[in-house]
Amino acid sequence: MTALTIDALTVAFGRFTALDAVSLAVDPGEVRAVIGPNGAGKTTLLDVISGITKPVSGRVMLGDRIDLTKRSEAEIAKAGVRRKFQKPSVFPALTVRENLEIGCGPALPARERPARIASVLGEIGLGPRAAVPAGRLAHGEKQWLEIGMVLAAEPALLLLDEPVAGLSDAETAQTAALIRSLRRPDRAILVIEHDMGFVEAIADRVTVLHEGRTLYEGSMAGARHDARVIEVFLGR
Ligand SMILES: Nc1ncnc2c1ncn2[C@@H]1O[C@H](COP(=O)(O)OP(=O)(O)OP(=O)(O)O)[C@@H](O)[C@H]1O
């Protein structure tokens, strides 16, 4: 079984085709990066997976059974898909712990919350900062907290939208280590990112989009040697 199967996905905005019959499959436990030049269709792809944009045609299957193109944003979240948007949107007046409480969602029974929050604090490395208001965190720490907020819901599919944009080199390296440590057989991670060094550090495979089409799928090392990828993207 694949964690996510995108099959011949086509998205149009008026007469403009933003995604043109894109297909890809992400395995359970995989970290997949989607890369490509500006306007390639990366954000549109995440918007379709998370239910913000509906396609003209094609399917987006979560596991074997759920076609996300037929579901609302709320139903998609309930099915186990969580997205971290590019800009951190933590609640600045609430502590790190209180933000994670919110990330757990209303369905998690109160008795299970402390263990879930402790586990997420460990994963994101913010245990010592648990009582600090989120507004006082450094930019990198805010990004990790927001990753923690989506992790607290125990997603089957985690979507990360440029998680190292604006981070220092040290924070980027720490974020790469964090994402690698999040790999679990029951969790797939799809990342959009422009920082190629970061992509190389985290991704099992990359999908290169260009003008709404899949140009390459495979290892990042392979992408670096692919003539078409070099021409449209890496070589620039
Ligand atoms: N709501 C919209 N209406 C019209 N065109 C849109 C809309 N959303 C995206 N587009 C167009 O679709 C194309 C793909 O955009 P998208 O944002 O998915 O690219 P991207 O790969 O995420 O780019 P970037 O790296 O700059 O974020 C672009 O040409 C963009 O202008």
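The values are calculated or read from the model by the stated rules, or taken from the named source; none is laboratory data. Because the structure is predicted, anything quoted here is derived from the model rather than measured. Heads up, the Cβs are rebuilt from the backbone with ideal geometry, glycines too, and the neighbour counts pull from every protein chain shown. Note: areas computed on protein heavy atoms with side chains; ligands, DNA, RNA excluded. Shrake-Rupley method; radii C 1.70, N 1.55, O 1.52, S 1.80 Å.
What number of residues within region 16-73 satisfy the criterion of being touching a Phe, Trp or Tyr at 6+ places or on another chain (Cβ under 8 Å) and open to solvent by 50 Å² or more (accessible area, probe 1.4 Å)? It would help to see each step written out before you state the result.
Just the residues of region 16-73 that are touching a Phe, Trp or Tyr at 6+ places or on another chain (Cβ under 8 Å), to begin with: 35-37.
Filter again for open to solvent by 50 Å² or more (accessible area, probe 1.4 Å), leaving none.
Number satisfying all stated conditions: 0.
Counting only residues that are more than 21 Å from A170 (Cβ to Cβ) and of a type outside the set (V, I, T), how many does region 103-146 have? Working first, answer last.
First, the residues of region 103-146 that are more than 21 Å from A170 (Cβ to Cβ): 103-120, 130-131, 133, 135.
Okay, now just the ones that are also of a type outside the set (V, I, T), so 103-116, 118-119, 130-131, 133, 135.
Selection size over region 103-146: 20.
Can you list the helices (runs of 4 or more DSSP H) lying wholly within region 14-110 that have 2 or more residues being touching a Leu at 6+ places or on another chain (Cβ under 8 Å) and within 15 Å of the ligand (Cβ to nearest atom)? First the steps, then the outcome.
Numbers: elements: 42-49, 73-78, 96-104.
Correct list: 42-49.
Being polar (S, T, N, Q), part of a loop (DSSP other than H, G, I, E, B) and either away from the ligand (no atom under 16 Å from the Cβ) or surrounded by fewer than 17 Cβ atoms within 10 Å (Cβ to Cβ) (or both): is that true of T10 here?
No: the conditions fail for T10.
Mind checking which residues of region 19-54 are modelled with pLDDT of 95 or more and over 23 Å from A77 (Cβ atoms)?
Selection gives D20, A21, S23.
Which residue, of G105, G80, is touching a Pro at 6+ places or on another chain (Cβ under 8 Å) and either open to solvent by less than 80 Å² (accessible area, probe 1.4 Å) or over 30 Å from V132 (Cα atoms) (or both)? Break it down into steps so the answer makes sense when it comes.
On the way: G105 fails: touching a Pro at 6+ places or on another chain (Cβ under 8 Å).
Only one candidate qualifies: G80.
For region 173-195, indicate whether the set of residues that are of a type in the set (D, E), more than 17 Å from D27 (Cα to Cα) and away from the ligand (no atom under 16 Å from the Cβ) is non-empty. Break it down into steps so the answer makes sense when it comes.
Residues of region 173-195 of a type in the set (D, E): 186, 193, 195.
If we keep only those that are more than 17 Å from D27 (Cα to Cα) as well, we get 193, 195.
Those left that are additionally away from the ligand (no atom under 16 Å from the Cβ): none.
Scanning region 173-195, I find no residue that is of a type in the set (D, E), more than 17 Å from D27 (Cα to Cα) and away from the ligand (no atom under 16 Å from the Cβ), so the answer is no.
With a cut-off of at least 3 residues that are without any contact (Cβ under 8 Å) to a residue 60 or more places away in the chain and open to solvent by 60 Å² or more (accessible area, probe 1.4 Å), name the helices (runs of 4 or more DSSP H) lying wholly within region 111-186. Spell out the reasoning first.
Details: elements: 113-124, 139-151, 169-181.
Hits in region 111-186: 113-124, 169-181.
Check region 58-73 and report whether any residue there is more than 19 Å from the chain's Cα centre (by Cα), at positive phi and modelled with pLDDT of 95 or more.
yes
State all residues of region 193-217 that are open to solvent by 10 Å² or more (accessible area, probe 1.4 Å) and outside any helix (DSSP H, G or I); if no residue qualifies, say none.
Let us first name the residues in region 193-217 that are open to solvent by 10 Å² or more (accessible area, probe 1.4 Å), namely 194-197, 200-201, 203-205, 210-211, 213-217.
Residues satisfying the conditions are H194, D195, A203, D204, R205, H210, E211, R213, T214, L215, Y216, E217.
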